[in-house]
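Participant: Dumping the structure here so I can ask a few things about it.
The values are calculated or read from the model by the stated rules, or taken from the named source; none is laboratory data. Remember, it's a predicted structure, so these values are computed and weren't measured experimentally. Cβ placement follows ideal geometry from the backbone for every residue including glycine, while neighbour counts extend to all protein chains displayed. Accessible surface areas use protein heavy atoms only, side chains included; no ligands, DNA or RNA. Shrake-Rupley method; radii C 1.70, N 1.55, O 1.52, S 1.80 Å.
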Amino acid sequence: NERLQRIVDVAPKDALIKLTCHRRKGFYKKAEHKNGVIFGRYFFGPQGSSAAYLISRKAAERFLAKSSKMVVPYDRAIENGWDNGINVLNTPDDIFVFGADETLVATQRDYKATKLSQFKRIPKNIKAAYDNIARIIYALV
């Protein structure tokens, strides 16, 4: 894949680059390279999916050290650079495209059937509010 090779050629040596996302709102460009590769961050999330990414050894070691105790699912934790200390970057469009209605694990209907009631989701909603504010600040830094 030529686009992937161009990304690898200019990827920072201490970063994680997400190559696919399920939610793409509010892209903020951080760098544009001569070969046409653009890196940035999103103001809104979570983007979901850890299905395709590049991660440097340094960033992987930092993530493993920080996430030895799982607090949120790893596909969420890996994109929270403000929390795990990793330089998390995105491309403005997917390098690998997956189906919109389904994931590699289950359909959207399957996920909806497992959701808790609104009352039981209050702690998650508080954490999500914090994450949203932190994500916007992180995107601008």
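Participant: Ignoring ligands, DNA and RNA, what percent of the 1.4 Å accessible area of the chain is carbon and sulfur?
Facilitator: Details: 5330 of 9120 Å².
Its accessible area is 58 percent carbon and sulfur atoms.
Participant: Residue-wise, which Karplus ³J(HN,Hα) couplings in Hz belong to the stretch 53-65, taking 6.51 cos²θ - 1.76 cosθ + 1.60, θ = phi - 60°, and x for glycine or proline?
Facilitator: 7, 10, 9, 6, 4, 4, 5, 5, 5, 5, 4, 4, 5
Participant: To check you understand DSSP bridge types, tell me what percent of the beta bridges within the chain (both residues inside) are antiparallel, rounded to 5.
Facilitator: Values: 10 of 13 bridges.
Expressed as a percentage, antiparallel bridges in the chain total about 75.
Participant: Which pairs, out of K69/K127; K18/K58; K25/K69, put more than 19 Å between their alpha-carbon atoms?
Facilitator: Beyond 19 Å between Cα atoms: K25/K69.
Participant: Another question about this same structure. How big is the charge dipole of the chain about its Cα centre, in debye rounded to the nearest 20, if each Lys and Arg gets +1 on its Cβ and each Asp and Glu gets -1 on its Cβ?
Facilitator: Numbers: 25 positive and 14 negative charges, 100 e Å.
Here the size comes out at about 480 debye.
Participant: Within 10 Å, count the other beta carbons around each residue, average over each peptide in 84-92, 21-29, 1-9, and list them highest first.
Facilitator: Numbers: 84-92: 19.8, 21-29: 14.4, 1-9: 12.4.
In decreasing order of mean packing, 84-92, 21-29, 1-9 become 84-92, 21-29, 1-9.
Participant: While we're looking at this one, here's another question. Name the residue from L140, Y53, Y130 whose Cα lies farthest towards the positive end of the charge dipole of the chain, charges +1 on Cβ of Lys and Arg and -1 on Cβ of Asp and Glu.
Facilitator: About the Cα centre, the residue reaching furthest to the positive side is Y130.
Participant: Just going by the charge dipole of the chain, with Lys and Arg at +1 and Asp and Glu at -1 on Cβ, which of N35, Y74, N90 is farthest out on the positive end?
Facilitator: Y74
Participant: Nearest 20 debye, what's the magnitude of the dipole of the stretch 15-89 about its Cα centre given +1 on Lys and Arg Cβ and -1 on Asp and Glu Cβ?
Facilitator: Values: 14 positive and 5 negative charges, 29 e Å.
With only Lys, Arg, Asp and Glu charged at Cβ, the dipole is about 140 debye.
Participant: HN-Hα J couplings of the stretch 29-39 from phi, Karplus 6.51/-1.76/1.60, θ = phi - 60°, integer Hz, Gly and Pro as x?
Facilitator: 6, 9, 7, 10, 9, 4, 7, x, 6, 10, 10
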